[in-house]
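Single-structure report; data block below.
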C-alpha cells in the first residue's frame, strides 16, 4: 500500500476549502446540465453582479468573526449609507464620486461606534451590533420618512452597477481588489494574523503583547467602511437609494463566512474559505433559477428557486457544521465497541 | 480524516431525493418557436398575486406559451431586479411585471427593453419609458363611480353617507374620493356626503371612527370605505350598534376579508377588479405585443375571453370593477 501517497491525498481532501471547491464543481456541473444557458456569459456575470454586496460584507465579516465577534449591523449600515448617498447627490447636489466617498466615511463612523462599544467598553458584540442593527436602519427610515427614495442618478454612476469592464461586471473588479486587500491583511501581515490569536484566546493575546483593543476596533471599522462601499454599489445597480437597501444581508454574509469554515467562536478560518463559501451560495441561488425544464411538486424548479435555495443553503450549512461533532460521536462509539 | 468524504456523501445524499423527485417537464427545452413569457409579482406568497398567477397561467395555456413565474420571497428590494436580469440573460420574449419599487425596477426593465424583450406592467406601474403598456386594473373614476353607484342603489339615491379613508394625505384614496364627489354632484343630488374620516389603514380605528359617525349622524344611510381595512372595521361598528341593514356598508376590499360580514348582511358589497383577469390580461397583452398584433397607439385590444377592452394612451383598461355580493362571494378565494 502506498501509504504516503494516500495520506497526502487524504490531507488535501480533508481541507475544508477543497471540499467547498468540490461542492461548487458539483453545482456547476449540475446546473450546466439541467439548467438553461447557465454558463452563458451574461448569466455568469449575473451570478456575481447580484451577489457582490453580500460578498463584500462576507469578506469584512471574516476578520470580525475571527476575533470571536459578530457584526449584525452591516446590512442596516448599507441602508443608512444608501440613503445618505441619495441625500448627498440629490439634495446636496454633490457628484456621485464625492458622495460615494462620504458614504464610505459614514460607514466608517458607524463601524467606529461599534468598535468603541465593543473594544473599548467591552460590551458583547452580539448585543452591541443588535442595537446598531436597529439604530442604523431606524436612522435610514427616519431620514426618508420611511418611504422617500432617491433615483434618476447619472448614467456614468449607474454604469458602476450595470456595465462590463474587461469582461467582468464593473463592481466585480472592486470586489477583487477588496478581496485581495483582506486576504493580504488577514494572512500576510502580523497585524492581521493576530485576529485569529485574539479569537483563540483574548487574554493570552494580551499577555503576548498584542494590542487587542486596536485589532478588534479595526475589524469593526473595516466592516462599517466596506458596508458603505457595498451600499454605493447597490444603489448603482438598482438606480434607487432607499432605506430598505441591504435588508437581511448580514445573515447572508455570516452564512458565507461560516460555510467557508470559519469558526463562529473565532480563532480559526481563512479568507479563501469565505470566498468559496460565498461563491457556493451565489451559484446555488442563481443556478436554481435556470432549471426550468424540470419539475418538483408540479412546479418548475425555477419557479421556486428562492425557496429551494433557502432550503439547500440551510442544509449545506448544517451539514458543514454537523460533520465534526457527528464524526466524534461515531469515532467514540466505534472505539467503545472495539473495547 | 474522513470529514471531507463524509461531507461529500452527505451532499450527495441530500441531492438524491431532490433529483429523484424531479421530473422533466412536458414543455421541453424551448425547442421550436414557443413564446416564453415571464410573470413577475410584487411578492410571491401574497394571495392576491397567487390569484393573478392563476389567470396568467390560463392565458399562457391558451396561447401555447411557456410561463415563467418568480418573485421576491422576502423584503430585499434588489430581488425583483435580479429576477428580471436573470430573465434577460435567459432570453425570454415577454416580461409582465408588477413593480414593488417603481424607480428601481425601471432600471432593470429598461435593460430588458434594450435587449429586445417586450415589457408590460400590471397592478403597479413602472416609469413610462420602462414599458410599452400598463395593464390598469381600474381607473380612479372607475373605482369612484362603482362605489357610489352601488351605494346609491342600496339607499334609493337619497340620504346621508360618510367615507372612511386610509389617511387624509393618501394620494390614491384622495383621487377616489374626488371621483365619488364628482359623481355625486353629477348624478345623485339628493345624496349628501357628511363626513370623511381617516382610519390609518387599521381595522380597529375604522371601527371606532364609524361608531363615532353613527352617533354624530343619526340619519346616516351608508358608509363607504375607500381603504380595505376600513370595510370590515365599519361593518363591525354597524353590527355592534345594532344597525345591520339600516346603515349600508360598501367598500373597496378583498372578498376573503369581508366574506363573514357580507354573508351576515352587514356589508352589502365589496368592490374590486377580478384579480384573476388582471393576470390573464397582462399575459394576453404581452403576447400580443410580441407578435405585433398590439402596437403603441392602439385604442382597443381584443383580450380573448375578456372581450374587446379600451386602451387609453398607454394604459390597457381591465374595465369596470366587479361587485362581490352575498350571492357570488363564495366563488372567490382571494
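The values are calculated or read from the model by the stated rules, or taken from the named source; none is laboratory data. This structure is a prediction, so every number in the text was calculated from the model and none was measured. Positions of Cβ are backbone-derived with ideal geometry, glycine not excepted, and every protein chain shown enters the neighbour counts.
A few points about this structure:
- Lone qualifier among B:129, B:145 - being touching a helix residue (DSSP H, G or I) at 6+ places or on another chain (Cβ under 9 Å), more than 22 Å from residue B:207 (Cβ to Cβ) and without any contact (Cβ under 8 Å) to a residue 24 or more places away in the chain: B:129
- When the criteria are applied in full, residue A:50 meets the requirement of being under 14 Å from the mean Cα position of the chain (by Cα) and either within 11 Å of chain B (Cβ to nearest Cβ) or free of Cβ contacts under 8 Å to residues at least 12 places away in the same chain (or both).
- For region B:208-222, the condition holds for no residue, the condition being that it is within 23 Å of the chain's Cα centre (by Cα), in contact (Cβ under 8 Å) with a residue 24 or more places away in the chain and under 24 Å from residue B:172 (Cβ atoms).
- Of all the listed residues (A:169, A:154), the sole one being crowded, with 24+ Cβ neighbours inside 10 Å, touching a residue at least 24 places away in the same chain (Cβ under 8 Å) and within 14 Å of another protein chain (Cβ to nearest Cβ) is A:169.
- Members of region B:281-305 found to be buried (at least 18 other Cβ atoms within 10 Å of the Cβ) and touching a helix residue (DSSP H, G or I) at 6+ places or on another chain (Cβ under 8 Å), listed by number: B:281, B:282, B:283, B:284, B:287, B:294, B:301, B:303
- Selected residue (criterion: nearest to the other protein chains (Cβ to nearest Cβ)) from residues of region A:175-189 that are crowded, with 18+ Cβ neighbours inside 10 Å and under 18 Å from residue A:228 (Cα atoms): A:175
- Within region A:160-186, the only residue that satisfies the criterion of being in a helix (DSSP H, G or I), out of contact with any helix residue (DSSP H, G or I) (no Cβ under 6 Å at 6 or more places or on another chain) and modelled with pLDDT under 95 is A:162.
- Single match in A:239, A:287, A:267, A:260 (criterion: surrounded by 15 or more Cβ atoms within 10 Å (Cβ to Cβ), more than 17 Å from the chain's Cα centre (by Cα) and more than 13 Å from chain B (Cβ to nearest Cβ)): A:267
- Of the residues making up region A:303-320, those that are touching a strand residue (DSSP E or B) at 6+ places or on another chain (Cβ under 8 Å) and closer than 22 Å to residue B:65 by Cβ number 2.
- Residue within region B:238-251 that is outside any strand (DSSP E or B) and within 23 Å of the chain's Cα centre (by Cα) present: no
- Residues in region A:18-45 that are crowded, with 19+ Cβ neighbours inside 10 Å and more than 11 Å from every other protein chain (Cβ to nearest Cβ): A:31 only.
- Flag if residue B:138 is in contact with a helix residue (DSSP H, G or I) (Cβ under 6 Å, 6 or more places away or on another chain), buried (at least 21 other Cβ atoms within 10 Å of the Cβ) and modelled with pLDDT under 95: no
- Which numbered condition residue A:195 misses (of (1) under 20 Å from residue A:45 (Cα atoms); (2) at pLDDT below 95): (1)
- Within region B:207-230, the residues that satisfy the criterion of being in contact with a strand residue (DSSP E or B) (Cβ under 8 Å, 6 or more places away or on another chain), closer than 17 Å to residue B:258 by Cβ and either modelled with pLDDT under 95 or surrounded by fewer than 21 Cβ atoms within 10 Å (Cβ to Cβ) (or both) are B:226, B:227, B:228, B:230.
- Any helices (runs of 4 or more DSSP H) falling wholly within region A:190-302 and containing at least 1 residues that are under 24 Å from residue A:175 (Cβ atoms) and touching a strand residue (DSSP E or B) at 6+ places or on another chain (Cβ under 8 Å): A:212-238
- Selection from region A:118-130 of residues that are surrounded by fewer than 20 Cβ atoms within 10 Å (Cβ to Cβ), within 23 Å of the chain's Cα centre (by Cα) and in contact (Cβ under 8 Å) with a residue 12 or more places away in the chain: A:126, A:130
- Counting only helices (runs of 4 or more DSSP H) that sit completely within region B:42-124, those holding 1 or more residues that are buried (at least 20 other Cβ atoms within 10 Å of the Cβ), more than 19 Å from the chain's Cα centre (by Cα) and facing chain A (nearest Cβ under 7 Å) correspond to B:79-90, B:102-114.
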